[in-house]
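Participant: Mind looking over this structure? Questions follow.
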Amino acid sequence: MGTFPSGPASNVVAMIRRLFTVVCGLALVPCIGLLLAAVWSCFQDPRWAVQLPGGVEVGVYGSEGRTRVGATRWGVESAQWWKDRPKGQPMRVTGQTVVMGEGSAIRYAARIHVDLGSGSWRGVAWQRGAMSKAPTTQSRGVMSTPLVPYRSVSVPWYYLFVPLAILPGAWAIAWWRRRELRRPGLCKVCGYDMRATPGRCPECGTRVIPNDASRPEQGAEPRARLCGA
């Protein structure tokens, strides 16, 4: 049998509903951002990143219609970055030539990237490596070049979108249900059609005071019957 909260209980329910609405609104913001990034990646390559304390970078990256959400933990630049590499793990070194300056002051520098290993499982990808903080013009071996170590992990955008969309979806369903329950002739507790039995809901047993049909009352006879009519 349904109940209709009143007094302090109704205030608690109202507070919970407001808190739930705020949480759903906060969850809706990243959902919209992920959708925009997914659509944007079909036309351009988005790269939206936020720097967090501790050298952590969280961002959304897209390429050719594939959008991923990733987190990267950056280390401190050091010439001994290789000491923390996994033992027995082969390294793959790649370099990119960068042109610096103009006219007769042109210089060529190199941006180095070292891949220390990567993998994936069911869409979850991870990588470990080191890269140049800035292009270097010094000729030295990779093992003596100061690099910034990093570790990263990324997932497809919908891996986060689906769980985040659950709360806004639940809020929308609850809002629609409350909207339907406000229709005249329906039980305010379970939504059963009470037009044939306006005094009591045959589905959940909620009794309604005839003079205030919008407020169900549990365990009480209709007002006319209490007055002896």
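Participant: Exactly which trypsin sites (Lys or Arg not before Pro) in region 37-140 are in a DSSP loop and have at most 15 other Cβ atoms within 10 Å?
Facilitator: LYS87, ARG122, LYS133, ARG140
Participant: To continue, here is another question. What are the chymotrypsin sites (Phe, Trp or Tyr not before Pro) within region 33-134 that DSSP puts in a loop, where the Cβ has at most 10 other Cβ atoms within 10 Å?
Facilitator: Loop-located and lightly packed - PHE43.
Participant: Test of understanding: what is the full-extension gain from VAL124 to LYS87, defined as 0.36 nm times their sequence separation minus their Cα-Cα distance?
Facilitator: Length gained between VAL124 and LYS87: 11.0 nm.
Participant: Identify, among SER104, PHE161, GLN89, the residue whose Cα sits farthest towards the positive end of the charge dipole of region 88-207, taking +1 on the Cβ of Lys and Arg and -1 on the Cβ of Asp and Glu, with the dipole about the Cα centre.
Facilitator: Farthest towards the positive end: PHE161.
Participant: Another one. Residue by residue, what Karplus-based ³J(HN,Hα) values in Hz, rounded to whole numbers, does region 89-95 have, using 6.51, -1.76 and 1.60 with θ = phi - 60° and x for Gly and Pro?
Facilitator: 8, x, 10, 10, 9, 10, x
Participant: Based on alpha-carbon centroids, what's the gap between region 88-148 and region 28-69 in Å, whole number please?
Facilitator: Each part reduced to its Cα centre gives a spacing of 23 Å.
Participant: Also, quick follow-up: Please state, to two decimals, what the Cα-based radius of gyration of region 54-135 comes to when divided by 2.2 N^0.38 Å (N = residues).
Facilitator: 1.36
All of the numbers you see were taken from the coordinates with simple rules; none came from a lab. Everything quoted here is computed from the prediction, not taken from an experiment. Neighbour counts are summed over all protein chains in view; Cβ atoms, including those assigned to glycine, are modelled from backbone coordinates with ideal geometry.
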